[in-house]
Each structure stands twice: as C-alpha cells, then as structure tokens.
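Okay, so here's the structure we're looking at.
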Amino acid sequence: MSLFIQIHPENPQARLIAQAADVVRSGGVIIYPTDSGYALGCGIGEKTALERICRIRHLDERHHFTLVCRDLSEIATYAKVDNTAYRLLKAATPGPYTFILPATREVPRRLMQPKRKTIGIRVPGNPIARALLDALGEPMMSTTLILPGEPHAESDPYEIRDRLDHEVDMIIDGGYGGLEVTTMVEFQESGPVILRHGLGDASLFE
C-alpha cells in the first residue's frame, strides 16, 4: 500500500515535500501533480523504479521519457542548448511545455530516444513539483500518468489511489489536475518545431 499525502497546491508544506523527496532518493516511484495533470516520477539512476513505471504504463523501449528540471542551468547539464534555444526556453519556463533536445553524455542511455539521442525536458510551474525538485537538488525522471487504454492523463488523486495504491510508493494529492497535455517542441538544426499543441502558448516557437 502506497503512502497518500495531501500537499497544499499553492503553499506546499516543507515537511511533506521532504518526505516525498526521501521516497524518490530511496529508489521509490511517486505520483505527483504537474502543470498538466499527474505524472509518475523517480530518481534518474533508478533502473528498477524505471522498470516499474514502464510496467504501470505498458511502455516499451521506444518511449520518450522526460527529465523534470528546476531551471535552465540544470537543463544545460543534460541537454545541448544553443543560444537560440536558450532564449526561447528562458521565455517559456517555468511552464507547461515539453522540450525535445539533443542529450548530453550525462543522460543515462535508457532515458534517451535510442535512435536520435534526444531527451525530453520540462521545467514545471506547478508549486508542488517545483518544491519537490528543490528538495531533491536534481532532476526527476518522469512520464505523464496515462494508464493503458485511457485517452487522457489521470487528474483525480482519489481515483489514482483506487487504481494504483499497490503499484507505487507514494501518491501526492495536490488537488484535481487538468486533462490537457503540455505543448511539445523539438529543437532541430533548422529551429524549433511544434510537435504537439497543448497548454503552453505555442506562438513563442512559430
């Protein structure tokens, strides 16, 4: 049975955030709120936790995982960001965007898109996600909580508990989430390409 904790969506309680960070550091899998619904998260180097997430979502090795980062300086450790991309990322973060960028050698091979050597990056604006990343002091490996056969990300923490109580180590109730996905932008040699329209303002990249 997972821990189920309620964290204030605007003023996250430091004690509970620290508890969640401890679960991630110890190799656990958590469910937490983002700008666009709930997501599964774990530590970057936790292979077993990653495998558990893949089982929950029925993912294969082609799935594009995302690193959830605190800020632009953290992004630069894991992704190659040129001057044009940096200016655009600075204007759009934090916020409901997923960026696809060339991965650096710091990214574990199992997290990057195998053929293109790219990595998905997010800098969330959600206060709970940001507080959790600050407490961890490093990015989390993450993927949107879309269960097999479902069209949208999960948004109700109580329904999530009913379905996944025995599959994860902690569920953070940060209130009801949205159903809309992030805007996804890939930075290619020719410039940014919008792969998916969602919550974020895509006009920044057009």
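Miscellaneous remarks
- 222 nm mean residue ellipticity, helices alone, for the chain (DSSP H n ≥ 4; -39,500 (n - 2.57); rounded to 500): -8000 deg cm²/dmol
- Partners for K90 among aspartates and glutamates (Cα-Cα distance below 18 Å; same-chain residues under 8 apart left out): D35, D71, E74, D82, E186, D201, E206
- Normalised radius of gyration (Cα atoms, divided by 2.2 N^0.38 Å) for region 134-206: 1.40.
- Around V24: net Lys/Arg minus Asp/Glu count, Cβ-Cβ under 11 Å: -3
- Note on region 1-44: Cα-only Rg and Dmax are 10.5, 27 Å.
- Gain in span if fully extended, K80 to E51, counting 0.36 nm per residue against the direct Cα distance: 7.8 nm
- Estimated inter-spin distance, R62 and D134, nm [label 7 Å along Cα→Cβ]: 4.1 nm
- 11 Å reach of a label modelled at R161, 7 Å along Cα-to-Cβ, counting backbone N of region 1-38: 2-7
- Candidate membrane-span-like segments in the chain, meaning DSSP H helices with Cα atoms spread over at least 20 Å of their own axis and a Kyte-Doolittle mean of 1.0 or above, do not occur, with no membrane implied either way.
- Cα→Cβ-extended label distance, 7 Å offset, between T104 and H152, nm: 3.8 nm
- The chain, relative contact order in percent, only Cα pairs under 8 angstrom and at least six apart counted: 33 percent
- Annotation for region 61-141: GluC sites (Glu not before Pro) lying in DSSP loop with at most 14 further Cβ atoms inside 10 Å of their Cβ are E61, E106.
- Placing dummy labels 7 Å off each Cα toward the beta-carbon, the span from Q188 to E206 is 1.8 nm.
- The largest-to-smallest principal axis extents of the Cα set in region 61-195 are 45, 30, 26 Å.
- Computed over the alpha carbons of region 1-105, Rg followed by Dmax gives 15.3, 47 Å.
Read the figures in this text as sums done on the coordinates, not as results from a lab. Because the structure is a prediction, the values reported are computed rather than measured. In this analysis, Cβ positions are derived from the backbone assuming ideal geometry, glycine residues included, and neighbour counts consider all displayed protein chains.
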